[in-house]
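The values are calculated or read from the model by the stated rules, or taken from the named source; none is laboratory data. Given the structure is predicted, the values throughout are model-derived calculations rather than measurements. Cβ placement follows ideal geometry from the backbone for every residue including glycine, while neighbour counts extend to all protein chains displayed.
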Amino acid sequence: NAGVTQTPKFQVLKTGQSMTLQCAQDMNHNSMYWYRQDPGMGLRLIYYSASEGTTDKGEVPNGYNVSRLNKREFSLRLESAAPSQTSVYFCASSETSSYNSPLHFGNGTRLTVT
Amino acid sequence: AQTVTQSQPEMSVQEAETVTLSCTYDTSENNYYLFWYKQPPSRQMILVIRQEAYKQQNATENRFSVNFQKAAKSFSLKISDSQLGDTAMYFCAFMKDQAGTALIFGKGTTLSVSS
């Protein structure tokens, strides 16, 4: 089982460039999430999708957009990258958005914006 | 809004010893859930243990146990008989008992286990 797959693993962007981080899960999970991890800040929720067809803002949504393309895929787009968006991005999924559905995380995408 | 605070950025322990990681949280909810996740150098996030707030009994998973104090809004993780493989960053996390919500994480504690 692949679990949660994120692409790319590494990316360097120049300020103002755009890109889309891809995430796919093969566990038939309903809920998917995007977090960013920064030193000393822990994981902060950017956006999440409790079920196919719905998306909601998390703690730090500014500068990002998301698309729940289908049940498997949840992409994160940076329209105009800024150095403040340099971070490690994690996609996660869970069977449902309830407590008894532990999160399954991808291996992360390390993004550097220069 | 809910917040999760981990006041220990770094901890270290010797193999076979016991270590306790602290976590406090702030919420006005009565029903909620608490979690500890582990992130080793591989960056993979692994669920260690979880606790339902309505349960008074502290959760245990092998060498991992929690001390849940609801009134004090405290949720500490105890690791007994520490092993080198326990070296990782540990995150405390909170979730409301409400459909369509997501986990809120603390900033993490880096634990180093040495021989």
Among residues of the stretch A:22-50 being within 8 Å of another protein chain (Cβ to nearest Cβ) and over 16 Å from A:Q6 (Cα atoms), the residue surrounded by the most Cβ atoms within 10 Å (Cβ to Cβ) is A:L43
Can you tell me which residue within the stretch A:53-71, out of those that are over 14 Å from the mean Cα position of the chain (by Cα) and either of a type in the set (S, T, Y) or more than 13 Å from every other protein chain (Cβ to nearest Cβ) (or both), is farthest from B:P41 (Cα to Cα)?
A:T54
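Matching residues to (1) closer than 18 Å to A:V113 by Cβ; (2) aromatic (F, W, Y):
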residue	(1), (2)
A:T20	yes, no
A:S31	no, no
A:W34	yes, yes
A:I46	yes, no
Single residue of the stretch B:57-80 satisfying the filter (without any contact (Cβ under 8 Å) to a residue 12 or more places away in the chain and assigned to a loop (DSSP other than H, G, I, E, B)) that is surrounded by the fewest Cβ atoms within 10 Å (Cβ to Cβ)
B:A71
Take the conditions surrounded by fewer than 21 Cβ atoms within 10 Å (Cβ to Cβ), without any contact (Cβ under 8 Å) to a residue 24 or more places away in the chain and touching a Ser or Thr at 6+ places or on another chain (Cβ under 7 Å) and apply them to A:T112. Does it pass?
no
Restricting to the stretch A:72-92, give me the number of residues that are at pLDDT below 95 and away from chain B (no Cβ under 12 Å).
1
For the stretch B:45-103, which residues satisfy the criterion of being more than 15 Å from the chain's Cα centre (by Cα), of a type in the set (A, V, I, L, M, F, W, C) and away from chain A (no Cβ under 12 Å)?
B:A71, B:A72, B:L84
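Has the stretch B:14-35 got any residue that is more than 26 Å from A:F90 (Cα to Cα), aromatic (F, W, Y) and more than 10 Å from every other protein chain (Cβ to nearest Cβ)? Lay out the reasoning, then the answer.
Step one: of the stretch B:14-35, the residues more than 26 Å from A:F90 (Cα to Cα) are B:14-20, B:28-31.
With the extra rule that they be aromatic (F, W, Y), the set shrinks to none.
Within the stretch B:14-35, none of the residues are more than 26 Å from A:F90 (Cα to Cα), aromatic (F, W, Y) and more than 10 Å from every other protein chain (Cβ to nearest Cβ).
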Within the stretch B:90-110, is there a residue that is of a type in the set (V, I, T), at negative phi and part of a loop (DSSP other than H, G, I, E, B)?
yes
